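A short write-up of the structure that comes next.
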Amino acid sequence: MDTTAQAGPFGLAAATALLGLLAVACGGGGTASQPVPGRGDAEPGHSSAYDAGWRTGKQLFEDGGKGAAVREVVWGGCVRRSLTARPRDVVEKDRGAWVLGCEQGVKPGADRRPPARQVTRRESDPGLLARFRTWAAAHGGKRSARHVDRVVLVRLGDRDYDVELTTTYTGGSGRADAERLAGTFATWWDGDDGDTATAWNLILLGPDGERLTTRSL
């Protein structure tokens, strides 16, 4: 016997409503209230870089004591370490934030003061490139200076920065040429560092952004 038919219209309506409630309870409806996977889960780049730097600074303090704070903050240790710090994909999201975390972490009794936004700023400086080319032409470095396409100041905060040269050199045999160019630029820089901040590193890149060599300034 068909019991549904005997239930009448009221029975059918009740059954339909019950099925609807079950569907919602099981996830078959109400999609607007469901969380969107992955939304808001990713940590901002400056935050993850700062955290990595903070951990490094704390470890440096544990290993070297108060003297580590002078070495890493005053003498630029954290800035120099940022070029080789790991993991690279985290550090390069905001190298300035990493340096900030490292410098705060290595100070005895310092509190965490993470940045609220991106710390690293990149500023193209065509005037600096022009002055270097003029000097190089007068000091036997004209040919190598022609291989510099762009000069960028990589600001890692208010008082620390690196100088980045994008060149036409590529990896392999071009690295030796990049080393010579770095030496020429560093010689000139000794008499040209008039910035109120401190330049710590010279970074030479290939045309595709590959890091060819680095040098202290």
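The values are calculated or read from the model by the stated rules, or taken from the named source; none is laboratory data. Note that this is a predicted model, so its numbers are computed, not measured. Heads up, the Cβs are rebuilt from the backbone with ideal geometry, glycines too, and the neighbour counts pull from every protein chain shown. Remember, those area values only see protein heavy atoms, side chains included, never the ligands or the DNA or RNA. Shrake-Rupley method; radii C 1.70, N 1.55, O 1.52, S 1.80 Å.
Any residue that is out of contact with any Phe, Trp or Tyr (no Cβ under 7 Å at 6 or more places or on another chain), of a type in the set (Val, Ile, Thr), part of a loop (DSSP other than H, G, I, E, B) and surrounded by 20 or more Cβ atoms within 10 Å (Cβ to Cβ) - is there at least one of those in the range 53-68?
No, the range 53-68 contains no residue that is out of contact with any Phe, Trp or Tyr (no Cβ under 7 Å at 6 or more places or on another chain), of a type in the set (Val, Ile, Thr), part of a loop (DSSP other than H, G, I, E, B) and surrounded by 20 or more Cβ atoms within 10 Å (Cβ to Cβ).
Of the conditions (1) of a type in the set (Ser, Thr, Tyr); (2) touching a strand residue (DSSP E or B) at 6+ places or on another chain (Cβ under 6 Å); (3) free of Cβ contacts under 8 Å to residues at least 40 places away in the same chain, Thr168 fails just one. Which one is it?
Unmet condition: (2).
Would a scan of the range 106-126 turn up a residue that is touching a Cys at 6+ places or on another chain (Cβ under 9 Å) and surrounded by 11 or more Cβ atoms within 10 Å (Cβ to Cβ)?
Within the range 106-126 (the criterion being touching a Cys at 6+ places or on another chain (Cβ under 9 Å) and surrounded by 11 or more Cβ atoms within 10 Å (Cβ to Cβ)), the answer is yes, since at least one residue qualifies.
Is it fair to say Leu156 is at pLDDT 95 or above, open to solvent by less than 50 Å² (accessible area, probe 1.4 Å) and more than 23 Å from the chain's Cα centre (by Cα)?
Answer is no for this residue.
Could you list, in sequence order, the residues of the range 159-179 that are open to solvent by 70 Å² or more (accessible area, probe 1.4 Å) and either touching a Pro at 6+ places or on another chain (Cβ under 9 Å) or modelled with pLDDT of 95 or more (or both)?
Scanning the range 159-179 gives Thr170, Glu179.
Filter the range 180-206 down to residues that are under 26 Å from Trp98 (Cβ atoms) and not hydrophobic (A, V, I, L, M, F, W, C) and give me whichever is modelled with the lowest pLDDT.
Going through the qualifying residues, I end up with Asp193.
Which of the numbered conditions does Ala116 fail, given that it passes all the others? Conditions: (1) touching a Gly at 6+ places or on another chain (Cβ under 8 Å); (2) closer than 18 Å to Pro44 by Cβ.
Of (1) touching a Gly at 6+ places or on another chain (Cβ under 8 Å); (2) closer than 18 Å to Pro44 by Cβ, only one is false for Ala116: (1).
Criterion first (open to solvent by less than 50 Å² (accessible area, probe 1.4 Å), within 20 Å of Asn201 (Cβ to Cβ) and at pLDDT 90 or above) does Thr84 satisfy it?
no
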